[in-house]
Structure formats: C-alpha cells, structure tokens
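Down below is the structure, laid out as structure tokens.
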Amino acid sequence: MRSLVAGRLDEVVDDLAQLVRTETPSTDPSLLARGAAELVSWVRERWRGESVTTLGEGPGAVIQVDAPGSLPGVVVLLGHLDTVFEAGTLARRPFSVVDGIARGPGVFDMKAGLVQGVHAVAALDELGVPRPTVRLLVSADEEVGSLGSRAALVAASSGASAVLVLEPGGVAGTVKTARKGVGLWTVTATGVAAHAGLDPEAGASAVHELAALTTHLVGLADPAAGTTVNVGVLTGGTRPNVVAEHARLDLDVRARTTGEAERVGEALAAWRPADGRVHVDVSGGWNRPPWSEPAPELVERARSVVASLVVPFDPREVGGGSDGNILAAAGLPVLDGLGASGGGAHAEHEHVVVDDIPVRTALLAGLVAGSPSAP
Ligand SMILES: [Zn+2]
C-alpha cells in the first residue's frame, strides 16, 4: 500500500495542487461552491463515480460520497473543505513543493488530508483489499464553528463503525485520540458615562466591571485538570477622563471534561457586576463539547497499523477542537488527526511533508480495511 502510493506520489501531489489552487475561504460562499463542485468531480473520478449527495444547503451544506464495500458496516471519513485563508492568499503564497515540503493556503488544514483519504480508498480497491462501505463527509463551515453542518454530520454518521477524521496530524505516526472542548463567549457591558473628575459618582464603568470579570475568569482556569481560560479581546471606553459606558470581552475556554466545561459555564452565568447600574449581556457557549474518551479499539488498530509501517506511534490528546468532538459526543468511535504530516495550521508557515504522504495514506487504508466491525 505504502509503495503503491509512493509510486504515484507525483499524481497525488498534482491532486493536492488542484485542491489548493481552488481557494475555499469559510467566508466566501461562491468560492466554496466552486471548490465543492471540483471536489465532487475529482472524488468521482478517483472512486469511479460513486453516489454523491449534498446534505442541506448554503454554508452548512455537507457533501456525502459513498463508496460501497464488500464488508459489512460503514466507515466515515470526515473532512472539511473550508480554510481560514482569505481569497487572494494563493497569489501571495502559491502552491509549491520545495525540498519535499508542500505549501499553499489550506494545504495542511486540511486539503492534504482529503487527498490522502480519497487515495487510501482508491488504493485498497486497486489492490483488491476487502473493506466496508466508506462514506466521505466534507463540510464547508468547520473553521467557523460547524454550526450549519453539525446536525447533518451527526445524522449521516449514525451507526458508523468508525469515524476517521482527516484533520492534520503531526509526524508520520501521529493520531489524535481526544480533544478538549472549546467554549467561546462574548460579554458586552453597558454602564453610565460621566466626567471622571467632575462627576465620577454619576458614572458606572463598563470597563471596570469587565476588568473585574477578567480576573474572575482567569481564576477559573485549572491547568492540572486541563482547563484553560483566555480573554483574547478586552476593549472599551473612549478617553481617560470619561467613565466608560461600553466594554466588550471575548473569551476562549478549553476543557478536557464535561464536568469542567459545566463548571466554567455555570461560573460565568452566575457572575454579576459589582455595580448594579452596569448591564451585562453574555452570548456564546460550548462550540465543541469535550472529547475525553479515546476509542480504544481504534487506537489499538492504529497502533498496530503504525507498527507495521515501521514508524514510531505518536498518539496525542490536543487542545484544539474539531468536528471529531461533535461525533464523539454523539457516541461514535472517533480517531482524529489522520491527515497530513507537517505543521503550522492556520499560519503562514503551514506545510506538508510530501515524503510522509504514502505512510499517512497507508495508515488510513489500514484503518479503513480493518475497522472494528469488519470481520
Ligand atoms: Zn481543520
């Protein structure tokens, strides 16, 4: 399997180039539609025209491509087409391969993962390896929270024997076995403006209240339990001599367990400003629930497939969430981080290690063919 893919690495890299050269920012519906059409025709070509369905419409639409197999059960390959890079990034940072490193917007997160997933199934079929039905699900709003696609992803994955997430990995033997939940909140405060020198008692400072809230929130972090709190944005007021009428705070919380997620959410909900004249609005919540329990059979299967590929096994629990969190919370066995080897997700230096594409593809193929429900 690994040598089959290695032998056609140029073709695989050409496919990757094609996907990267169609920019697909989460925020651009027309580019996403074009990218989706190209993706569908490319998958049909590689998988010899299997059935394609589009679930839902608009930014939350999910592409579903089924490749029926001879073994019982359904294995879901889960990916997303959207990237965090705005249209025009490609002109500045075109697709390139230099010294075995591929670059370009979205190459690592996660177009290389999509390419590896599709080639893994094509290679299994070419080698005549029996496999269960594979259902490729590709969303287009993952980088903006998957609010439109999550219901379709859960419904289309129902009953799957395994969910293999094509998000970026790290090195050749990386898999991601658990991910923290991600909570995102915005707090806006409205107080009463006044002259800070002449009439301070008439004022009620929105800035002071959100500064106090910041201290309170930071105190909720529990690094030992895996709970982190980041007030990434704190803004408000107009001038030093004016009691601030408006302030705003954007908060990112990560939690490893549901208990911790609830603790922080409840503490935020229970907080009240010291000055009752300041009105506070809290919006947001847990965007992706904690995924704390690895799927033991999938992890063991990955361990043995990686061993057979003679690379070190590198299972990781990570702080970043993905749609894997959503499907794990729906009770499905999930293994994540099965996409590219490389680094720099969401950053200018994102890159894919081209020489690791065959081993990463072979890992996926081994997981698909040997999924737990398959005899
Ligand atoms: Zn991603």
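The values are calculated or read from the model by the stated rules, or taken from the named source; none is laboratory data. Keep in mind the model is a prediction, meaning the values are calculated, not measured. For neighbour counting, all protein chains shown are included, and Cβ atoms are generated from backbone atoms with ideal geometry for every residue, glycine included. Heavy atoms of the whole protein, side chains included, go into the accessibility calculation; ligands, DNA and RNA do not. Shrake-Rupley method; radii C 1.70, N 1.55, O 1.52, S 1.80 Å.
From Cα coordinates alone, what are the radius of gyration and Dmax values for the chain in angstrom?
23.2, 84
Quick test of the membrane-span-like rule: which DSSP H helices of the chain reach at least 15 Å along their long axis (C-alpha atoms) with mean Kyte hydropathy at least 1.6?
Working: long enough: 9-21 (18 Å, 0.29); 29-46 (25 Å, 0.01); 112-126 (21 Å, 0.86); 206-218 (18 Å, 1.07); 258-270 (18 Å, -0.10); 296-308 (18 Å, 0.06); 357-369 (18 Å, 1.73).
Membrane-span-like by this rule: 357-369.
Please get the size of the charge dipole for the range 52-138, origin at its Cα centre, with Cβ charges of +1 on Lys and Arg and -1 on Asp and Glu, quoted in debye to the nearest 20. Don't jump to the answer; show the numbers that get you there.
Values: 6 positive and 8 negative charges, 32 e Å.
So the magnitude is around 160 debye.
Count the DSSP beta bridges whose two residues both fall in the range 70-150, then state the antiparallel fraction as a percent rounded to the nearest 5.
Details: 3 of 11 bridges.
About 25 percent, rounded to the nearest 5.
Rounded to the nearest 0.05, what FRET efficiency do A202 and W271 give with R0 = 35 Å and r taken as the Cβ-Cβ distance? Could you check? Intermediate values should be presented prior to the final figure.
Values: r = 25 Å, r/R0 = 0.70.
Taking R0 as 35 Å, the efficiency between A202 and W271 is 0.90.
Give the peptides 76-86, 28-38, 180-190 in descending order of average Cβ contacts within 10 Å, highest first.
Details: 76-86: 24.9, 28-38: 16.4, 180-190: 20.8.
Listed from highest to lowest mean packing, they are 76-86, 180-190, 28-38.
With +1 on the Cβ of every Lys and Arg and -1 on the Cβ of every Asp and Glu, and nothing else charged, how large is the dipole of the range 181-288 about its Cα centre, in debye rounded to the nearest 20? Let's see the in-between values first.
Values: 8 positive and 12 negative charges, 51 e Å.
Dipole size: approximately 240 debye.
Counting only Cα, what are the radius of gyration and maximum Cα-Cα distance Dmax of the range 99-163, in Å?
When restricted to the Cα atoms of the range 99-163, Rg and Dmax are 14.7, 43 Å.
Sort 113-119, 254-260 for me by packing, meaning the mean count of neighbouring Cβ atoms within 10 Å per residue, highest on top. Working shown, then result.
On the way: 113-119: 28.3, 254-260: 19.4.
Output ranking for 113-119, 254-260: 113-119, 254-260.
Could you give the nm distance between label points at R44 and A225, where each point is 7 Å from its Cα heading toward the beta carbon?
According to this spin-label approximation, the distance is 5.1 nm.
For R8, project a label point 7 Å along Cα to C-beta. Then give me every residue of the range 90-128 with its amide nitrogen under 20 Å of that point.
What the label zone holds, given the 20 Å backbone N cut-off, is 111-128.
Which peptide among 291-301, 166-176 comes first, and what is the full order, when sorted by highest mean count of other Cβ atoms within 10 Å? Before the final figure, lay out the partial values.
Working: 291-301: 18.1, 166-176: 24.5.
Put in order of decreasing packing, that is 166-176, 291-301.
With each run of n ≥ 4 DSSP H residues scored as -39500 (n - 2.57), what mean residue ellipticity at 222 nm is computed for the chain after dividing by its residue count and rounding to the nearest 500 deg cm²/dmol?
Numbers: 11 runs with 123 residues, N = 375.
It comes out at -10000 deg cm²/dmol, rounded to the nearest 500.
Quick one: with all protein chains in place, what share of the accessible area of the range 181-288 is carbon or sulfur, to the nearest percent (1.4 Å probe)?
Numbers: 3060 of 5560 Å².
The value for the range 181-288 is 55 percent carbon and sulfur by accessible area.
Pairs of alpha-carbon atoms within less than 8 angstrom and 6+ residues apart define the contacts here; what relative contact order does the chain have, in percent? Kindly include the intermediate steps, with their values, before the conclusion.
Details: 879 pairs, mean separation 93.0, N = 375.
Relative contact order of the chain: 25 percent.
By DSSP, what percent of the beta bridges with both residues in the chain are antiparallel, rounded to the nearest 5?
Details: 49 of 69 bridges.
Of all bridge pairs located within the chain, approximately 70 percent are antiparallel.
Beyond 18 Å, what share of the Cα-Cα pairs of the range 181-288 remains, rounded to the nearest whole percent? It would help to have the intermediate numbers written out before the result.
Details: 2780 of 5778 pairs.
When all Cα pairs of the range 181-288 are counted, 48 percent exceed 18 Å.
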